[in-house]
């Protein structure tokens, strides 16, 4: 059941439309920096008890997730913040820096989402477009990628508000093939999942 203190967030107005009318929705914009800023400004008044992020995501082939499948993230983190070292990526912690937040944020899994497949998410500034990047991110344990999730999680972590994230898979994260994307299908299945959550 969705409580009155739940705030739904999405990167774009198109993604936000999966949430039924009459619920509180914030469109944060694309990219982790703006996502964290916009959500953090809203959370400061203390009126939000749970943030639920919704949107589409790319899935790494090794995760075995189908296009149009709705998943719930159990953690999210910044996937490409750091420095390249040949074919490897050294994150801030590997470089000896302490940015003041965890490398991966644990996310809440609401009771109504407990039946969904649980995955580990990564938030990128540059989406995967090559086999090399795909394999590197799979090896790091990431299963799906977005451009905002860890930004929402950072704002929630900083202000002590539980954060959940529900996403539907629109594409496989690998060599870029826009002809194979299934954005409409992903949004349709996501809308169905959200409708059930709001109704029960």
- Residues in region 69-81: is at least one touching a strand residue (DSSP E or B) at 6+ places or on another chain (Cβ under 7 Å), assigned to a helix (DSSP H, G or I) and closer than 18 Å to residue 143 by Cα? no
- Every residue from region 1-18 that is within 16 Å of residue 197 (Cα to Cα), at pLDDT 95 or above and assigned to a loop (DSSP other than H, G, I, E, B): 17, 18
- Quickly run through region 135-181 and pick out the residues that are assigned to a helix (DSSP H, G or I) and closer than 15 Å to residue 15 by Cβ. 149, 151, 152
- Task: Among the residues of region 173-183, count how many are surrounded by fewer than 20 Cβ atoms within 10 Å (Cβ to Cβ) and within 15 Å of the chain's Cα centre (by Cα).
- Result: 0
- Considering each residue of region 173-192, count those that are at pLDDT 95 or above and out of contact with any strand residue (DSSP E or B) (no Cβ under 6 Å at 6 or more places or on another chain), and give that number. 5
- Message: For region 42-68, which positions are without any contact (Cβ under 8 Å) to a residue 24 or more places away in the chain and either under 24 Å from residue 186 (Cα atoms) or in a strand (DSSP E or B) (or both)?
- Response: 64
- Message: Name the residue that is modelled with the lowest pLDDT, counting only residues in region 82-111 that are over 14 Å from residue 124 (Cα atoms), touching a helix residue (DSSP H, G or I) at 6+ places or on another chain (Cβ under 7 Å) and surrounded by 13 or more Cβ atoms within 10 Å (Cβ to Cβ).
- Response: 101
- Out of 164, 168, which single residue is surrounded by 16 or more Cβ atoms within 10 Å (Cβ to Cβ), touching a helix residue (DSSP H, G or I) at 6+ places or on another chain (Cβ under 6 Å) and under 28 Å from residue 40 (Cβ atoms)? 168
- Task: Keeping to region 112-131, report how many residues are out of contact with any strand residue (DSSP E or B) (no Cβ under 7 Å at 6 or more places or on another chain), surrounded by 13 or more Cβ atoms within 10 Å (Cβ to Cβ) and under 14 Å from residue 145 (Cα atoms).
- Result: 1
- Query: Is it true that residue 199 is touching a residue at least 40 places away in the same chain (Cβ under 8 Å), over 24 Å from residue 39 (Cα atoms), surrounded by fewer than 20 Cβ atoms within 10 Å (Cβ to Cβ) and out of contact with any strand residue (DSSP E or B) (no Cβ under 9 Å at 6 or more places or on another chain)?
  - Reply: no
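The values are calculated or read from the model by the stated rules, or taken from the named source; none is laboratory data. Fair warning: this is a prediction, and the values are worked out from it, not measured in the lab. With ideal geometry, Cβ positions are generated from the backbone for all residues, glycine too; neighbour counts draw on all protein chains shown.
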